[in-house]
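The values are calculated or read from the model by the stated rules, or taken from the named source; none is laboratory data. These numbers come from a predicted model, not from an experiment. No Cβ is skipped: glycine too gets one built from the backbone with ideal geometry, and neighbour counts run over all protein chains shown. The protein model used for the area step is the full one, side chains on, heavy atoms only, and it has no ligands, DNA or RNA in it. Shrake-Rupley method; radii C 1.70, N 1.55, O 1.52, S 1.80 Å.
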Amino acid sequence: MGQGAVDWYRRNRERSRRLFDLLGAEAYYTQPIALRHPIVFYEGHLPAFSFNTLVKKALGGESIDPRLEALFARGIDPHESAAARPAERANLWPARTAVQAFADEADRQVIDALSQPHLLNNAEAVHAILEHEAMHQETLLYMWHRLPFSQKTKPKGYQPRTAGAPPRVQVMDVPSGRATLGVSRESIPFGWDNEFPALSEDVPAFSIDRHNVTNARYLEFVQAGGYDEERWWNGDDWQWIRSERIAHPLFWEREADGAWYWRGMFDRVLLPLAWPVYVTQAEATAFARWSGARLPTEAEFQRAAYGSPDGSERVHPWGDDTPSARHGVFDFGSWDPEPAGTHPDGASAWGVEDLVGNGWEWTGSTFAPFPGFRAMASYPEYSADFFDGQHFVMKGASPATARELLRPTFRNWFRARYPYAYATFRCVQGA
Ligand SMILES: [Fe+2]
């Protein structure tokens, strides 16, 4: 491990600090997403998870503060916290100074551990804590996204890139061939348990949208009354649309004069028609059905992103080059999406763009283990708790996905009606 792991850990901590620094003090004990913990939890959880996993569990180290280690491992039961009045709710959680003092000591001990040369036996725990923090940074931003603009400070000079006409709708043909899902344990330095072992599938020929479905295309569905017609929706999704009175994507807002807006991270902007639409899997599925298509399977996504005409598979859709800003919108390169069609250098061998970046891509595949799955020792509940047929695989990356996570086998998953993720989609036809 050594210096590389220490550098990555410090880079993670620095970025987390910058994310928390975007927020006003009044946001600290609030809970912008009801199913998630209040913000205070996450400032303690990130260092606590690293400390618990590496120093305590893997290396058998002593506690710093058993109460805080337990609190920040799991949090306070959301029911308990919801029942309390706002003033009491803040009291359930420690003062920020206590959270930060704990975090500083946890960081000191984690960095000390990461600096030890004998850590090779614990490579899985080391990678797990590093990727865990990187993944949380994205989910923190989903929460920040829901806070009032007045509680966030926009970084100097940042402006969402909204200009540009939506690209022409075009479908690309992908011939039949093999797609690799998953990877063998020996062949990569680290993967989460759900990425193992390798699985190869035959994928019949299909055609797939060159670009993500944009706000412009999705607006046609909304204007055609797509949210009023049961036939486009799965049964449970239709119940949800009706009972929650959902009439458009969560990221959209409508003024009395009928104008549509996008709720961005720091600003509300007139709906950027060229941006990929961010929607739930339920909405993506309904749109696809309305347009006479469907969502890709996980195997089709793999084939479209990583396959090539000579039968070999690529490391990234664009090839072997290290991911950079010219290939797509990821690694915190923007706080919002960018227009579809602006990163042709990231196209796959079949000419399909933005498969990695600018928004995760919903698939029609439920999140399930590959045959031979084994839960990982350092974090056994990571995937296994979600193999319930209720979660769907998302692939690719969003603007808030760290570049360390951009590997072909990385899998993300959410429930079909989870509306907060930076998740878009494209349609396929065939087979
Ligand atoms: Fe976590």
Given (1) modelled with pLDDT of 95 or more; (2) within 15 Å of the ligand (Cβ to nearest atom); (3) open to solvent by 30 Å² or more (accessible area, probe 1.4 Å), index of the condition R74 fails
(1)
Please specify each residue of the range 358-373 satisfying the condition of being over 14 Å from A416 (Cα atoms) and in contact (Cβ under 8 Å) with a residue 60 or more places away in the chain.
N358, G359, P369, F370, P371, G372, F373
Checking the structure you have, find out if any residue of the range 374-397 is hydroxyl-bearing (S, T, Y) and in contact with a strand residue (DSSP E or B) (Cβ under 8 Å, 6 or more places away or on another chain).
no
Here the residues within the range 176-197 that are in contact (Cβ under 8 Å) with a residue 60 or more places away in the chain and farther than 21 Å from E404 by Cβ are G177, R178, A179, P197
Subset of the range 221-267, residues farther than 21 Å from H391 by Cβ, of a type in the set (D, E, K, R) and over 22 Å from the mean Cα position of the chain (by Cα), comes to D228, E229, E230, R231, R242, R245, E253, R254, E255, D257
Taking the range 130-188 and keeping only residues that are within 16 Å of the ligand (Cβ to nearest atom) and either under 27 Å from A349 (Cα atoms) or open to solvent by less than 20 Å² (accessible area, probe 1.4 Å) (or both), one is left with L130, E131, H132, E133, A134, Q137, E138, L140, L141, Y142, M143
Checked F386, F332, F373 against criteria (more than 21 Å from W275 (Cα to Cα), open to solvent by 30 Å² or more (accessible area, probe 1.4 Å), part of a loop (DSSP other than H, G, I, E, B) and touching a Pro at 6+ places or on another chain (Cβ under 9 Å)); the one match is F373
Among the listed residues R15, R36, R10, identify the single one that is open to solvent by 60 Å² or more (accessible area, probe 1.4 Å) and part of a helix (DSSP H, G or I).
R10
Suppose we filter G292, G258 for residues that are open to solvent by 30 Å² or more (accessible area, probe 1.4 Å) and part of a loop (DSSP other than H, G, I, E, B); which single one remains?
G292
Hey, any hits in the range 226-237 for a residue that's farther than 15 Å from T285 by Cβ, open to solvent by 40 Å² or more (accessible area, probe 1.4 Å) and either among the basic types (K, R) or modelled with pLDDT of 95 or more (or both)?
yes
